[in-house]
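Quick notes on the structure that follows.
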Amino acid sequence: MVTAKRLLTSFFRSGWMEEPVKKKVIVGAIVGCLVLAAGITYVTRSPAGGIPKSFAKELTWVKCRNPECEAEYQVTKKEYFQYQEEHYDPRLAGAPPMVCQQCGAESVYRAVKCEKCGLVFEMGTIPGDYNDRCPKCRYSKLETEKKPGAASSGG
Ligand SMILES: [Zn+2]
Ligand SMILES: [Zn+2]
């Protein structure tokens, strides 16, 4: 089989193998990087679900829906989101309510404190609007942040 041998030799000499081999090396390197990145992401993830470590220091407002209680207080975001993860119920339309520190009922929902008038209200009070829209003075921090140059109030 002289022909086959000659063909092979000529292939190697012509250097046609070079490109695919280079590509393989590059693809290999990319895959390697991806695997490494995924590994790092996995390792650095906190053990309690996908809650960032910084949430242990960040506070969020919550409010009790019980009309006889209406407690308003702050919990750490970690506490809030961890509760959400643990009590997630697909049958519920919204977030699962937390147990109220004051009245003990499962009627505490995430709230926002208005920067303008200081009112603490449940997030998403006004449907179809920004979920931090204040029902009292209509201020929304999210809206203000979205508008460029909104800092200069035109009265
Ligand atoms: Zn309460
Ligand atoms: Zn307000």
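Any idea what the dipole of the range 53-146 comes to, in debye rounded to 20, about its Cα centre with Lys/Arg Cβ at +1 and Asp/Glu Cβ at -1?
320
Using θ = phi - 60° and the Karplus relation 6.51 cos²θ - 1.76 cosθ + 1.60, list the HN-Hα couplings for the range 61-77 in order, rounded to whole Hz, with x at every Gly or Pro.
Computed from phi, the couplings for the range 61-77 are 7, 9, 9, 8, 7, 4, x, 8, 10, 6, 5, 10, 8, 9, 10, 6, 4 Hz.
Please find the FRET efficiency linking CYS137 to GLU86, where r is the Cβ-Cβ separation and R0 is fixed at 35 Å, and quote it to the nearest 0.05.
With R0 = 35 Å, the Cβ-Cβ based efficiency is 0.50.
With r defined as the distance between the Cβ atoms of GLU70 and LYS146 and R0 fixed at 35 Å, what FRET efficiency is calculated, to the nearest 0.05?
Computed FRET efficiency for GLU70 and LYS146: 0.70.
Which residues among the range 76-99 fall inside the zone where the amide N is under 16 Å from a point 7 Å beyond the Cα of GLU58, along Cα→Cβ?
76-85
Taking N as the number of residues in the range 53-146, what value does Rg over Cα atoms divided by 2.2 N^0.38 Å take?
After normalising by residue count via 2.2 N^0.38 Å, the value is 1.09.
Every number in this text was worked out from the coordinates using simple rules, so none of it is lab data. Here the structure is a predicted model, which is why all the values come from computation and not from measurement. Note that we place each Cβ from the backbone using ideal geometry, even for glycine, and neighbour counts take in every protein chain shown.
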